[in-house]
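Bear in mind these aren't lab numbers, they're just calculated from the coordinates by the rules spelled out. Quick caveat: nothing in here was measured; it's all calculated off a predicted structure. As a convention, Cβ positions derive from the backbone with ideal geometry for all residues, glycine included, and neighbour counts pool all protein chains shown.
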Amino acid sequence: MLFFLFFSLSFFNLYANDSLCGRCATINDEKIFIDSSSYAKGEGLRPYLQKDKTALILLDKYQQGLRTNWGRTSLGLAGVGLIAYGVLSGSKKSGAFTKETMMGTGIGLLILNYFLGKTADYQNEKILHNAIREYNKSSLPKIYFAPAIESDQNFEMGIGIEKKF
């Protein structure tokens with residue numbers, strides 16, 4: 001069961017990351033790819049956002065937020081280590097270090113790590129939206145990236161499914 005849960009989360013993350021690589025913005029009725037690669041997300045907007053100093057600072061902040069967070073990486077590694085210890089230990093110890101306690105703590109750490117990562121990604125995307133909004137206040141041509149950017153509404157999180165061929 002743990003293998004199925006771990007495989008499902010891994011597959012979801014791979015699919016989610018793959019779908020982000022094709023993000024586009026509309027500028028002068030042309031579609032511009034925002035992410036030039038998986039390591040340079042938002043780089044397609046740099047030539048436009050350079051016109052506005054604040055927007056460029058926000059883009060740099062967005063890209064810094066995409067770097068590996070070693071704290072979350074360590075938390076995930078600790079969770080996997082505790083699960084592995086719980087699975088591989090054959091002894092039935094009594095007290096605080098039982099097999100079930102180790103596995104439960106490991107699963108809890110992995111769930112915590114997952115939600116921390118998703119929250120950080122959500123906050124980081126808000127920075128990109130703010131960079132585009134800041135650019136659109138004072139510069140032309142306008143960048144249309146999402147419905148929340150096109151209107152003066154606040155950024156909201158939603159769920160959607162899209163597949164382009």
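General observations
- Taking a Cβ cut-off of under 13 Å around Ser36, the surrounding Lys, Arg, Asp and Glu residues balance to a net charge of +1, with basic ones at +1 and acidic ones at -1.
- Estimated at 0.36 nm per residue, the fully extended path between Gln64 and Val87 surpasses their Cα-Cα distance by 4.6 nm.
- Extension gain for the segment Ile57 to Phe33, taken as residue separation times 0.36 nm less the Cα-Cα distance, is 6.6 nm to one decimal.
- Violating pairs (Cα-Cα greater than 18 angstrom) within the set Lys61/Lys126; Lys41/Lys142; Lys53/Lys142; Lys61/Lys142; Lys31/Lys61: Lys41/Lys142; Lys61/Lys142; Lys31/Lys61
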